[in-house]
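Visitor: Would you mind keeping the following structure in view while I ask a few things?
The values are calculated or read from the model by the stated rules, or taken from the named source; none is laboratory data. Keep in mind that this is a model prediction, so the values were computed, not measured. Reconstructed Cβ throughout: ideal geometry from the backbone, glycine too, with neighbour counts over all protein chains shown.
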Amino acid sequence: MTTLSATGLRQRFGGVVALDDVDLSVDHGEVVAVIGPNGSGKTTLLNALTGILRPDAGRIELMGGDVTAAPAPRLARRGVVRTFQDGRLLESLCALDNVLVGLHADPRDGAWRGWLPWVARRRRGRAIAALDAVGLRDRWSARVAVLSHGQRRRVELARALVADPRILVLDEPTAGLTPEDTHAVRDLIVAARNRGVAVLLVEHDLDIVGAVADRILVLDAGAVVAGGVARSVLADARVRHLCGMAAVEQPA
Amino acid sequence: MRAGAGGGVAPLDGAALRRLAASARAPVWLRLRLPALVAAGMVPLLVPSAHVYDLARVAATYAVLAVGYCIVLGLCGQFSVAHAALYGVGAYTTANLTTQHGASSATALLAAVGFGLLAGALIGLPALRVRGDQLAVITLGIGQVVQLLFLNWTSVTGGFTGISDIPAPSLFGITLTSYRDNYLLAFAALVIVVVAVELLRRSPLGLAFMAVRDDELAARSAGVRTGVCKVSAFALSGAVAGIAGWLYAGAIISISPPTFDVVLSVLVAVMVLLGGQGRVYGAVVGAAIIATLENALTEYPAGEIALKGAAIIAIVMWRAGALRDGLMRLRRA
């Protein structure tokens, strides 16, 4: 079952073609990774798919319905949530409040009724459970500004996961993380996939990509230059050269 | 079909949530803020005089206005310079209904809140398109237009001379005529508004406002409808400004357009910034400081002009970040 699909996406910034006729689909319970050199249009693709950019041409479908013109909040409320490359948290708030903001993506869990004590208690319980899932339950009251880089990344993941998304869109979730934090993020991605969440992942670390991705899409200068089952794409010498990973041995 | 909650984690039991709620309770000094506010509000009763009561009433009315403005600037991060216009809408609604249509004080209050809400939402519409200093300039223009409306819509507002002989406020059959009664009314309204805005701050809507303030893009991607939030914040602050206008009109007997000028909007912003952006109780302190300064300077017109000029300069410097940089340099030195 296809969760999110895009056909013929084009995006142009002045004279630069950022996306050139990109097709993509992510199924229920599948991890699709997008790789490619810097400036190949990976983040632009995510921005177009999450309603932050409106593509110049092309069509985007969520669960079979057209969402090409849908703004970011509407997409989020229909189950498309994302994290950012630069890890955008709400700096003046604590970890719990950051996660509670993520509950706005669940239109059933009454943001307007949330001042009622029992509704507030249920929402807080959900947010704490999401923090627990990323291993930060004890730091719920810490202002995110004082958390470590890895912890901040995990708060962002908790904010994305708290509303039970249909598709999780991750922009370089392991960039700058320690090996332990990287493993934690990898496990979270796998756990989400096993629960049936579709995952679209932009990632530089090809080890992570190899460990979690079912399918891979390779972008270069805005165009899809390779794509398919993860193992065969990663084995492609041309792809490895493009991503500057020629020296890395691919595990059998 | 959607997946299970937050990673298939068992929901927290009642005891765990209670422990959480207990550890979430604010520190003692924070919990003492409301009692401290009420205690401070009783001080004028210890030194009763018409002058003290009148000053305290102005301070409480300004505080209502400032606490309402906290919703827009403090919580939602939108810089508006049209707040005096909303105050005027509340005051003119009250004055017009009670003098020309024989409405009761309570009806006028409801209408002032309603029109304030509506006017606030309208003033908030430009925030859907522009932000930051551009929004400030547009709201500045809207504020001027509303003041021109007060001046020229003579049949409703009485034009330049305004509206006189506004009856004293009367609620539940009690008419409040003395300086003391009017002060106590304004102070009661302040306590109600402070509690309401604090509740708003802790609600999901208040949290969404703060998300808009901190990072609009992240908020949108988390499902926060930022446009709805901005217009709601303006509308709610307009409703509170309507209450302040009602208090003002009831206490002052006669109102006229010059009161609701841009300088008052700037002063309200200064009150909120004096108290620390976003701090509800801080805004009350800021309002008390500005009201006292203004009162002390009424006999020295040059001093009053200097105060208002300084307020405008302070706001411009704050917008440019110069105030914060200067304070940090002082702290380092």
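Visitor: Among (1) over 17 Å from the mean Cα position of the chain (by Cα); (2) at pLDDT below 90, where does residue A:41 come up short?
Guide: All conditions are met except number (1).
Visitor: Does at least one position in the stretch B:67-83 carry a residue that is farther than 29 Å from residue A:93 by Cβ and part of a helix (DSSP H, G or I)?
Guide: Within the stretch B:67-83, none of the residues are farther than 29 Å from residue A:93 by Cβ and part of a helix (DSSP H, G or I).
Visitor: Another question, if that's okay. Somewhere in the stretch A:7-23, is a residue within 18 Å of the chain's Cα centre (by Cα) and within 23 Å of residue A:163 (Cβ to Cβ)?
Guide: No, there is no match, as no residue in the stretch A:7-23 is within 18 Å of the chain's Cα centre (by Cα) and within 23 Å of residue A:163 (Cβ to Cβ).
Visitor: If you scan the stretch A:194-215, which residues turn out to be surrounded by 21 or more Cβ atoms within 10 Å (Cβ to Cβ) and within 14 Å of another protein chain (Cβ to nearest Cβ)?
Guide: Residues satisfying the conditions are A:197, A:198, A:199, A:200.
Visitor: Confirm whether residue B:298 is farther than 18 Å from residue B:84 by Cα, at pLDDT below 85, polar (S, T, N, Q) and in contact with a helix residue (DSSP H, G or I) (Cβ under 7 Å, 6 or more places away or on another chain).
Guide: Yes.
Visitor: Determine which single condition residue A:73 fails, assuming it passes every other condition in (1) free of Cβ contacts under 8 Å to residues at least 40 places away in the same chain; (2) touching a strand residue (DSSP E or B) at 6+ places or on another chain (Cβ under 6 Å); (3) within 9 Å of another protein chain (Cβ to nearest Cβ).
Guide: Condition (2) is where residue A:73 drops out.
Visitor: When you check residue B:135 against the structure, is it over 30 Å from residue B:229 (Cβ atoms), surrounded by 14 or more Cβ atoms within 10 Å (Cβ to Cβ) and of a type in the set (A, V, I, L, M), yes or no?
Guide: No: the conditions fail for residue B:135.
Visitor: If residue B:306 meets every condition in (1) part of a helix (DSSP H, G or I); (2) touching a residue at least 40 places away in the same chain (Cβ under 8 Å) apart from one, which number is that one?
Guide: (2)
Visitor: I would also like to ask the following. Regarding residue A:166, is this residue closer than 25 Å to residue A:55 by Cβ, touching a residue at least 24 places away in the same chain (Cβ under 8 Å) and within 14 Å of another protein chain (Cβ to nearest Cβ)?
Guide: yes
Visitor: Is it fair to say residue A:51 is in contact with a strand residue (DSSP E or B) (Cβ under 9 Å, 6 or more places away or on another chain), at positive phi and modelled with pLDDT of 90 or more?
Guide: Taking the combined requirement at face value, the residue satisfies it.
Visitor: All but one of (1) over 23 Å from residue B:226 (Cβ atoms); (2) assigned to a strand (DSSP E or B) hold for residue A:39; which doesn't?
Guide: All conditions are met except number (2).
Visitor: Can you find, within the stretch A:169-193, the residue that is surrounded by the most Cβ atoms within 10 Å (Cβ to Cβ) among those that are within 11 Å of chain B (Cβ to nearest Cβ) and under 25 Å from residue A:92 (Cα atoms)?
Guide: A:169
Visitor: Filter the stretch A:42-55 down to the residues that are within 18 Å of residue B:219 (Cα to Cα), touching a residue at least 24 places away in the same chain (Cβ under 8 Å) and outside any helix (DSSP H, G or I) and list them by number.
Guide: A:50, A:51, A:53
Visitor: Moving to a separate point now. Can you give me the number of residues within the stretch B:171-187 that are part of a loop (DSSP other than H, G, I, E, B) and among the basic types (Lys, Arg)?
Guide: Residues flagged as part of a loop (DSSP other than H, G, I, E, B) and among the basic types (Lys, Arg) within the stretch B:171-187 amount to 0.
Visitor: Taking residue B:108 and the conditions (1) within 28 Å of residue B:315 (Cα to Cα); (2) in a helix (DSSP H, G or I), which numbered condition does it fall short on, given that it satisfies the others?
Guide: Result: residue B:108 passes all but (1).
Visitor: Would you pick out the residues in the stretch A:204-220 that are assigned to a helix (DSSP H, G or I) and within 10 Å of residue A:243 (Cβ to Cβ)?
Guide: A:206, A:209
Visitor: Here is a follow-up. Yes or no: residue B:133 touching an Asp or Glu at 6+ places or on another chain (Cβ under 8 Å) and of a type outside the set (A, V, I, L, M, F, W, C)?
Guide: no
Visitor: Moving on to the next point. Any residue that is facing another protein chain (nearest Cβ under 8 Å), touching a helix residue (DSSP H, G or I) at 6+ places or on another chain (Cβ under 9 Å) and in a strand (DSSP E or B) - is there at least one of those in the stretch A:76-85?
Guide: Within the stretch A:76-85, one or more residues are facing another protein chain (nearest Cβ under 8 Å), touching a helix residue (DSSP H, G or I) at 6+ places or on another chain (Cβ under 9 Å) and in a strand (DSSP E or B).
Visitor: How many of the residues in the stretch A:56-75 are part of a loop (DSSP other than H, G, I, E, B) and of a type in the set (A, V, I, L, M)?
Guide: Going through the stretch A:56-75 one residue at a time, the tally reaches 4.
Visitor: Specify which of the listed residues (B:232, B:237, B:265, B:221) is in contact with a His (Cβ under 6 Å, 6 or more places away or on another chain) and among the polar types (S, T, N, Q).
Guide: When all the criteria are applied, what remains is B:265.
Visitor: Which fully enclosed helices (runs of 4 or more DSSP H) of the stretch A:95-162 have 3 or more residues being surrounded by fewer than 24 Cβ atoms within 10 Å (Cβ to Cβ) and facing chain B (nearest Cβ under 8 Å)?
Guide: The qualifying helices (runs of 4 or more DSSP H) are A:117-133.
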